[in-house]
1. Could you tell me which numbered condition Y423 fails, if it satisfies all but one of (1) of a type outside the set (V, I, T); (2) over 26 Å from D375 (Cβ atoms); (3) in contact with a helix residue (DSSP H, G or I) (Cβ under 9 Å, 6 or more places away or on another chain)?
2. Mind telling me which of the residues Q235, Q214 ends up being open to solvent by 30 Å² or more (accessible area, probe 1.4 Å) and touching a residue at least 60 places away in the same chain (Cβ under 8 Å)?
3. So in the range 503-541, with the set limited to residues that are crowded, with 16+ Cβ neighbours inside 10 Å and farther than 24 Å from L446 by Cα, which one is modelled with the lowest pLDDT?
4. Can you pull out every residue in the range 306-343 that is small (G, A, S) and either on the phi > 0 side of the Ramachandran plot or open to solvent by 10 Å² or more (accessible area, probe 1.4 Å) (or both)?
5. Considering only residues of the range 266-285 that are touching a residue at least 24 places away in the same chain (Cβ under 8 Å) and of a type in the set (D, E, K, R), which is surrounded by the fewest Cβ atoms within 10 Å (Cβ to Cβ)?
6. Answer yes or no as to whether I182 is touching an Asp or Glu at 6+ places or on another chain (Cβ under 8 Å) and open to solvent by less than 10 Å² (accessible area, probe 1.4 Å).
7. Can R346 be described as crowded, with 19+ Cβ neighbours inside 10 Å and closer than 20 Å to V546 by Cβ?
8. Between L434, L459, L442, which is in contact (Cβ under 8 Å) with a residue 12 or more places away in the chain and open to solvent by less than 30 Å² (accessible area, probe 1.4 Å)?
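The values are calculated or read from the model by the stated rules, or taken from the named source; none is laboratory data. As the structure is a prediction and not an experimental result, all values here were calculated from the model. Positions of Cβ are backbone-derived with ideal geometry, glycine not excepted, and every protein chain shown enters the neighbour counts. These accessible areas exclude ligands, DNA and RNA; they are computed on the full protein's heavy atoms, side chains included. Shrake-Rupley method; radii C 1.70, N 1.55, O 1.52, S 1.80 Å.
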Amino acid sequence: MKRQSTSSREALKGWVIGSVTVAAVVAFIVQGGPSSLLSGYSFSQEVYDRQGRLLRLTTAEDEHFRAYVPLSDISPELIEGVLFFEDRYFRYHPGVNPVALVEAAVETYLLGRKRRGASTITMQLARLHFGIDSRSPWGKLKQIVAAVRLEARYTKDEILEAYFNLAPYGGNVVGVRAASLIYFGKQPSALTLAESLLLGVIPQNPNRRRPTSQGVEPDELRRARVRIARVYAEQHPDVSRAELGLTHPLEMRPATGIPFAAPHATTDLLQREKRAGKIETTIDLRLQRRIERRVASYIERHRSRGVDNGAAMLVDHRTMEVLALVGSADFHNPAIDGQVSAARFRRSPGSTLKPFVYARAIDQGLIHPGSLIEDAPASFADYTPHNFDGQFRGPLSATEALVRSRNIPALKLAARLDQGGLYGLLKAAGVKQLRPAGDYGLPVVLGGVELTMAELVGLYGMLPAGGMYRPVTYVRQTAEQSRRSGVRLISAEAGFLVLDMLGQNPRPGQHFSNEWISGPARVAWKTGTSPGSRDAWSIGVFGPYVLAVWVGRFPGGESPAYVGRETAAPLFFDIVDGLRPFSA
């Protein structure tokens, strides 16, 4: 009986070795296949803030989280741990380990014991790459053939890189980069030793070893992690138990905890950027979250007044990079059309365009900040305008007329402008969807044209930039791109003077001028209320920033609450005060 058993083992060993030999011959004869092991796979889009913090991770075309990572960006400890625990002869074998195959076959098919793992990294990759069912002897042979074939065509590093990009990590999480970002919020190169070893054992049983929905490490994962940690410690006796993660459970995040930050900005970018891989944005996540909290808190406090939605955009006027965008008070609230972004929605800007009438008037020699302008009843052909408060103030300095946002003085100046007036400036700035100038007439000064928040911020950004207009950008620029001067729409002198005039505008509830304030503490700002009180705006410059705030409702609707100075300005200054530590 013993002799028969020995004979059977020898026969089985011969079959396995013969199979490997046949597989090798077949693989070398038939070496067709894709030019790259990863060609044909789709990968996720990764959106990061300016400090490299993950804002968003999309699923690939097949609804899996699969983020490409080159082998050079994977933690060396993770590579070492996986190879030593899973396939310590990876660098030497031709795709299969005959000795391990024989031992596994004997235990499985002759002794009836639980199967021992004999698959090499290359065999595991072959199963994943070609979709092989390796549970039967015939399936195992196909896997062996495919593994040897891969070894014949690709280098060891290419095989290892493909394995780490295609290994399963539970649910629809595929590849070590996606797993590292989702479970630990880190790049694979930044993993600790304990985290690296943990990720090394998930692919062997991904569904039982992935973190729970609460981010708890399951027992099966803990046991496997302890085993690989002990194996690693045998080779590195100087490594402490704490470094190996043997003294405490590891903190993980569930797959449902994937970041979804700056949703309006990232959604807009993803709609324009179709390529997979990393997108480095200009968003500063710290500022984004701070402004989100201010907007949400303000809307909640004023909901009883009929205020249910607001938005804000913060831009660094030195580069016109968007640092924060809150497109609505709550992205996830369908009652306010929360997924609609105020940065892209075209709205009437009210009186926020008046400063550019004054800038053009200064450039054309019509006024200086101290010039007197009559605030008195006036008619322009068949157009008879009035002021917001229905009153007239008589002679006012240009500065006072702008700060008080008087309609009649602004219209009188606009009527005297040449070079296309305010409309010409808007057209030169690239404002989209402009109708012919004759469709607007003078009312364009009072908000008779529709702009996006981004376009409006771009106009205000040229005031501290020497009159050079540059559109806002959401994507990190090269040094050369940052140095581009833009298009000159007003003179540097006009930009400086208008900014100084706006800097004398007192805060809401403050009854004295800000003329004495200087430096980062000074805020040069303006409000706007659209015709019919549909939109309330406040926009201004302070420190290195341009900040725009909108309060209103999508798609539209009149409300007595939507008045720039009464509704948008308090939110504007609430945000300004919250950004003081960042504006010096």
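1. (2)
2. It is Q235.
3. N514
4. Of everything in the range 306-343, those that are small (G, A, S) and either on the phi > 0 side of the Ramachandran plot or open to solvent by 10 Å² or more (accessible area, probe 1.4 Å) (or both) turn out to be G306, A329, A335, S341.
5. Filtering first and then ranking leaves R275.
6. So I182 fails the test.
7. So R346 fails the test.
8. L459
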